[in-house]
1. Check which residues have an amide H placed less than 5 Å from Ile156's amide H, if you skip close sequence neighbours.
2. Can you work out ³J(HN,Hα) from phi for every residue in region 100-109, in order, using Karplus 6.51 cos²θ - 1.76 cosθ + 1.60 and θ = phi - 60°, giving whole Hz and x for Gly and Pro?
3. Order these by the 10 Å Cβ neighbour count, fewest first: Tyr191, Tyr126.
4. List, in order, the whole-Hz ³J(HN,Hα) value for each residue of region 87-93 obtained from phi through the Karplus relation with A = 6.51, B = -1.76, C = 1.60 and θ = phi - 60°; use x for Gly and Pro.
5. What order do you get for His85, His113 when you list them from fewest to most C-beta neighbours inside 10 Å?
6. Among Ser214, Ser90, which comes first, then next, by fewest other beta-carbon atoms within 10 Å?
7. Compare the peptides 172-179, 103-110 by average per-residue count of other Cβ atoms within 10 angstrom and give them in order, highest first.
8. Mind scanning Lys96/Lys167; Lys128/Lys192; Lys96/Lys133 and naming the pairs with a C-alpha gap bigger than 30 Å?
Amino acid sequence: MLSRLVASSRVLATRVVDHQTFTTHLRSQRKDQFPAIRPTFPAIQNPRRVFERMASSGNQFPPQRQETQPGKEHVMDPTPQAARHEYKPSDKLLDKVALVTGGDSGIGRAVCHCFALEGATVAFTYVKNQEEKDAQDTLQMLKRAKSSDAKDPIAIAADLGYDENCKRVVDEVVNAYGRIDILVNNAAEQYKARSVEEIDEERLERVFRTNIFSYFFMVR
């Protein structure tokens, strides 16, 4: 019995060595056949400095701070760049109707503008009594960008955290344009807190209503 155990252990050891040798050989073959891909651009040493110099004038951005929600784009200096003048549209969304929540500023405004350039008829939502100036600026931008086949854009004030408001927005867009082909759930809000103890039930519910509930209500 002892001799059998010794023989078995020798066989097992040999197999382990063979496996290790094969694995090492396979790795070396992979390195030869698939050399590591090296980036063709230099690493960013200081991302903050890069973003500070992204203003169109080439100057650094001054400090930006707003103490209230929602943020207002028109008070920023310089104002964010929502349009790329070198962009060349190709009628990708011709005859489409798009609804973008939170489309008055930021990413939402940029999405609305691109959709309009591509031929879509665009509707967007904004926060009532808070974002009128941004909403009007976006409307004028979309009117200048829209194609001749698209209908005039509309801006709808609504608190999307509640089901009845989302249904009203959808009904208003459908009544105006006949349908909705594209829905972009973009509206969101967030509040800075130094500790989870600062987040009370009211704030938590507010964030979830805008960032979670509204997405479900709009799709439904």
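1. Residues meeting the criterion, in which the H sits 1.01 Å from N, are Phe124, Thr125, Tyr126.
2. 10, 7, x, x, 7, 7, x, 4, x, 5
3. Details: Tyr191 11, Tyr126 26.
Placing the least packed residue first, the sequence is Tyr191, Tyr126.
4. Here the 3J(HN,Hα) series is 5, 10, x, 9, 6, 5, 10 Hz.
5. Details: His85 5, His113 22.
Listed from fewest to most nearby Cβ atoms, that is His85, His113.
6. Values: Ser214 26, Ser90 9.
The order, fewest Cβ neighbours first, is Ser90, Ser214.
7. Numbers: 172-179: 14.1, 103-110: 23.6.
The most tightly packed comes first, giving 103-110, 172-179.
8. Numbers: Lys96/Lys167 20 Å; Lys128/Lys192 22 Å; Lys96/Lys133 27 Å.
Beyond 30 Å: nothing from the list.
We did not get these values from a lab; they are worked out from the coordinates using the rules stated. Bear in mind the structure is a predicted one, so any value in this text is a computation, not a measurement. With ideal geometry, Cβ positions are generated from the backbone for all residues, glycine too; neighbour counts draw on all protein chains shown.
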